[in-house]
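Asker: My structure is below; once you've seen it, I'll send some questions.
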Amino acid sequence: MSWNLRPAKTADIEVIAELRATVMRADLERLGRFDPHRVRRRLRDSFSAEHTSVIETDGAFAGCVTLRPAEGGHWLEHFYLAPHRQGRGLGSAVLGTLLGRTDAEGSTVRLDVLRGSAAQRLYERHGFTVEDEDPVDVFMVRAPRAAAGRPG
């Protein structure tokens with residue numbers, strides 16, 4: 001499967017909001033927090049086309065990811081893959097590419113994931129560790145790795 005990242009456009013917001021609602025529904029329901037309007041509104045309220053990439057596989061929309069600059073590094077946000085694209089290595093490939101970029105910059109990456117989400121295992125495989133938790137979210141951090149050929 002071939003894939004690429006393209007810069008998001010403002011016009012992508014609705015398809016991304018729908019994907020978010022689909023992907024997060026089971027975890028939010030398990031936590032007793034699913035609201036079909038709120039899940040879409042939260043994406044719309046925080047959407048930044050400037051820092052978001054659309055993931056395409058074989059030329060078709062497959063997901064999105066936001067890597068937002070923040071104090072002390074970056075926040076990884078809104079990383080969603082269409083259900084039929086999950087579990088096939090695409091998330092790992094995309095995450096590895098993004099972390100290669102942040103490693104080259106020497107940047108720390110932070111994220112939060114819903115408590116009990118299968119996505120937490122993906123992040124742990126890529127070197128994220130739990131920094132803090134609350135009843136809903138698990139906050140994770142990953143320090144930059146030394147780039148190949150660079151002392152570290």
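The values are calculated or read from the model by the stated rules, or taken from the named source; none is laboratory data. Since the structure is predicted, the reported quantities are computational estimates derived from the model, not experimental observations. Here the Cβ is made from the backbone with ideal geometry for all residues, glycine too, and neighbour counts use every protein chain on show. Keep in mind that these areas ignore ligands, DNA and RNA; they rest on the heavy atoms of the full protein, side chains included. Shrake-Rupley method; radii C 1.70, N 1.55, O 1.52, S 1.80 Å.
Asker: Look through the stretch 48-94, keep the residues that are small (Gly, Ala, Ser), closer than 18 Å to residue 24 by Cβ and not in a helix (DSSP H, G or I), and return whichever of them is most open to solvent (accessible area, probe 1.4 Å). So that I can check it myself, show each step before the final result.
Answerer: The first filter runs over the stretch 48-94 and keeps only residues small (Gly, Ala, Ser), leaving 48-49, 53, 59-60, 62-63, 70, 72-73, 82, 87, 89, 91-93.
Still in the list and also closer than 18 Å to residue 24 by Cβ: 62-63, 82, 87, 91.
Now restrict to residues that are not in a helix (DSSP H, G or I): 62-63, 82, 87.
Details: 62: 0, 63: 0, 82: 10, 87: 90 Å².
Looking at residues that are small (Gly, Ala, Ser), closer than 18 Å to residue 24 by Cβ and not in a helix (DSSP H, G or I), I get 87.
Asker: Could you say whether any residue in the stretch 4-23 is closer than 23 Å to residue 142 by Cα and aliphatic (A, V, I, L, M)?
Answerer: Looking for residues that are closer than 23 Å to residue 142 by Cα and aliphatic (A, V, I, L, M), one finds at least one in the stretch 4-23, hence yes.
Asker: Checking the condition among the acidic types (Asp, Glu) and closer than 20 Å to residue 127 by Cβ, which residue from 77, 14, 71, 56 passes? Spell out the reasoning first.
Answerer: Values: 14 fails: closer than 20 Å to residue 127 by Cβ; 71 fails: closer than 20 Å to residue 127 by Cβ; 56 fails: closer than 20 Å to residue 127 by Cβ.
Step by step, each of 77, 14, 71, 56 is checked, and only 77 is among the acidic types (Asp, Glu) and closer than 20 Å to residue 127 by Cβ.
Asker: Name the residues in the stretch 2-36 that are open to solvent by less than 50 Å² (accessible area, probe 1.4 Å), touching a residue at least 40 places away in the same chain (Cβ under 8 Å) and among the β-branched types (Val, Ile, Thr), would you?
Answerer: Listed by number, the residues that qualify are 16, 23.
Asker: Would you mention how many residues in the stretch 2-33 are of a type in the set (Val, Ile, Thr) and not in a helix (DSSP H, G or I)? Walk me through it before giving the result.
Answerer: Pass one, the stretch 2-33, residues of a type in the set (Val, Ile, Thr): 10, 13, 15-16, 22-23.
Of the ones still in play, those that are also not in a helix (DSSP H, G or I) are none.
Final tally of qualifying residues: 0.
Asker: I'd like the full set of residues that are β-branched (Val, Ile, Thr) and farther than 18 Å from residue 78 by Cβ, limited to the stretch 102-120.
Answerer: Residues of the stretch 102-120 β-branched (Val, Ile, Thr): 102, 108-109, 113.
Listed by number, the list holds a single entry, 108.
Asker: If you don't mind, there's one more thing I want to ask. I'd like the residue in the stretch 123-136 that is modelled with pLDDT of 95 or more and under 19 Å from residue 80 (Cβ atoms) and, out of all such residues, is surrounded by the fewest Cβ atoms within 10 Å (Cβ to Cβ).
Answerer: The qualifying residue surrounded by the fewest Cβ atoms within 10 Å (Cβ to Cβ) is 125.
Asker: Next up: Report whether or not residue 82 is modelled with pLDDT of 95 or more and under 23 Å from residue 14 (Cα atoms).
Answerer: Details: modelled with pLDDT of 95 or more: yes; under 23 Å from residue 14 (Cα atoms): yes.
Criteria met by residue 82.
Asker: Something else about it: Mind listing whichever residues of the stretch 95-107 are small (Gly, Ala, Ser), open to solvent by less than 50 Å² (accessible area, probe 1.4 Å) and in a helix (DSSP H, G or I)? Lay out the reasoning, then the answer.
Answerer: Going residue by residue through the stretch 95-107, those that are small (Gly, Ala, Ser) are 96, 100, 104, 106-107.
Filter once more, keeping what is open to solvent by less than 50 Å² (accessible area, probe 1.4 Å): 96, 100, 106-107.
Those that are small (Gly, Ala, Ser), open to solvent by less than 50 Å² (accessible area, probe 1.4 Å) and in a helix (DSSP H, G or I): 96, 100.
Asker: Related question: Of the conditions (1) within 15 Å of the chain's Cα centre (by Cα); (2) open to solvent by 40 Å² or more (accessible area, probe 1.4 Å), residue 113 satisfies every one except a single condition; which number is it?
Answerer: Only one criterion is unmet by residue 113, namely (2).
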